[in-house]
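What follows is a single structure, written as structure tokens, with notes after it.
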Amino acid sequence: MNLDRQPAPALERGLWANNGSDRERFTSLLHIAYSSKKGADTLDELSGLGYKFMYDGLWGIHAACNHIHKTIVMDMYHRSTMMAPSLIHEATHAIQFSRIDKDVAKLNTADYISLHRALEADACAHQAAFSYEIKDTYPEVYQEEMKSPIMQAYVKEFEKSGDTPRAMAASFKAWYDFDRYQTAYEEEHKKDIFHICSLAKKDPNGGYFSDTFSVGDILKVCTFEGKPYVDASFLNSEAARAVSKETKKEIQTAMLDACRSAGVIPDKTVSSLPVRGAEKDNNPVRVSKVLAQIRDGSR
């Protein structure tokens, strides 16, 4: 714990306050975040990115980050103590996007999904590291966070090894095993891809689905103290890349429709997405036929 560091002035200046109570609430929130080295390090980095902060009524979530408009919105109905882990989570998203120098809307489907899953898992890992550091000062926050298997994975590894990067890696990987998150974010990412398909239909020369974002690129974005903490083999694994059978089919249908309308070649990475829980098909003849059907649009 480090109780001597003070919030960066840029953070306090960045609040769009509707009233005096918003400012008091935000000051309290920053004090809680800065009671931890992890929180202070994260928010100090955020302070140089030009973000604004505001309170509003949010449905079902604590906070949200809009990296395009550089705004973090916090729910006005949650207490500052319970909001602190979410602030670190959303601040991590802001930092992540400051490291991405590509238009993510132009990424191929497989890389788009891999990147956005990793961004969420990474934000959860940073949130877990922060929550563990304040467990003695704010035990009620720690107990609430411990309801998540992602936090539980962090604590289990840290109390075994005492190693923060290893604990964050355990937390990161646990995100992919959390069915509720997998379902929710897969639905969100699917909607994003549908939207990009609609953009591709309107602008055939827009370069949609043409760019790449490798695992190496992801490891430059998702870091702890400037270094990657997750191994590339995990991000390349089927467990990290798989989608449901329904999602894959829906994306393929939307992709073929968009590409036919635009007169462009379909994004072939869709066919490479593993299906969660599916048995492996080791028949090379059948696999090659399916790929050929996808390429020529007959499937």
Per the filter on the stretch 205-240, residues closer than 30 Å to Ser261 by Cα, modelled with pLDDT of 95 or more and crowded, with 17+ Cβ neighbours inside 10 Å are Phe213
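Would you check if there is a residue in the stretch 148-170 being charged (D, E, K, R), more than 20 Å from Asp111 (Cα to Cα) and modelled with pLDDT under 95? Steps first, answer last, please.
Of the stretch 148-170, the ones charged (D, E, K, R) are 156-157, 159-160, 163, 166.
In the following step, the residues that additionally are more than 20 Å from Asp111 (Cα to Cα) were identified as 156-157, 159-160, 163, 166.
Those left that are additionally modelled with pLDDT under 95: none.
Looking through the stretch 148-170, none of the residues is charged (D, E, K, R), more than 20 Å from Asp111 (Cα to Cα) and modelled with pLDDT under 95.
Would it be correct to say that Ile196 is surrounded by 15 or more Cβ atoms within 10 Å (Cβ to Cβ), over 16 Å from the mean Cα position of the chain (by Cα) and either in a helix (DSSP H, G or I) or in the same structural domain as Thr109 (by TED's automatic domain parsing) (or both)?
Numbers: surrounded by 15 or more Cβ atoms within 10 Å (Cβ to Cβ): yes; over 16 Å from the mean Cα position of the chain (by Cα): yes; either in a helix (DSSP H, G or I) or in the same structural domain as Thr109 (by TED's automatic domain parsing) (or both): yes.
For Ile196, the condition - surrounded by 15 or more Cβ atoms within 10 Å (Cβ to Cβ), over 16 Å from the mean Cα position of the chain (by Cα) and either in a helix (DSSP H, G or I) or in the same structural domain as Thr109 (by TED's automatic domain parsing) (or both) - is met.
Do we find a residue being crowded, with 17+ Cβ neighbours inside 10 Å, closer than 23 Å to Ser148 by Cα and not assigned by TED's automatic domain parsing to the domain that holds Lys191 anywhere in the stretch 4-27?
First, pick out the residues of the stretch 4-27 that are crowded, with 17+ Cβ neighbours inside 10 Å: 7-8, 11, 14-15, 22, 25-26.
Those left that are additionally closer than 23 Å to Ser148 by Cα: none.
Scanning the stretch 4-27 turns up no residue that is crowded, with 17+ Cβ neighbours inside 10 Å, closer than 23 Å to Ser148 by Cα and not assigned by TED's automatic domain parsing to the domain that holds Lys191.
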The one condition His78 fails out of (1) of a type outside the set (Asp, Glu); (2) out of contact with any His (no Cβ under 8 Å at 6 or more places or on another chain); (3) closer than 20 Å to Phe130 by Cβ; (4) surrounded by 16 or more Cβ atoms within 10 Å (Cβ to Cβ) is (2)
Checked Leu58, Leu49, Leu87 against criteria (within 23 Å of Arg180 (Cβ to Cβ) and modelled with pLDDT of 95 or more); the one match is Leu87
Taking the stretch 108-135 and the residues there that are touching a Ser or Thr at 6+ places or on another chain (Cβ under 7 Å) and among the aliphatic types (A, V, I, L, M), the one that is farthest from Lys190 (Cα to Cα) would be Ile134
Residue hits (the stretch 97-141; among the hydroxyl-bearing types (Ser, Thr, Tyr) and over 13 Å from the mean Cα position of the chain (by Cα)) are Ser98, Thr109, Ser131, Tyr132, Thr137, Tyr138
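The values are calculated or read from the model by the stated rules, or taken from the named source; none is laboratory data. What you see is a predicted model, and the numbers here were worked out from it, not measured in a lab. All Cβ positions, glycine included, derive from the backbone under ideal geometry; neighbour counts span all protein chains shown.
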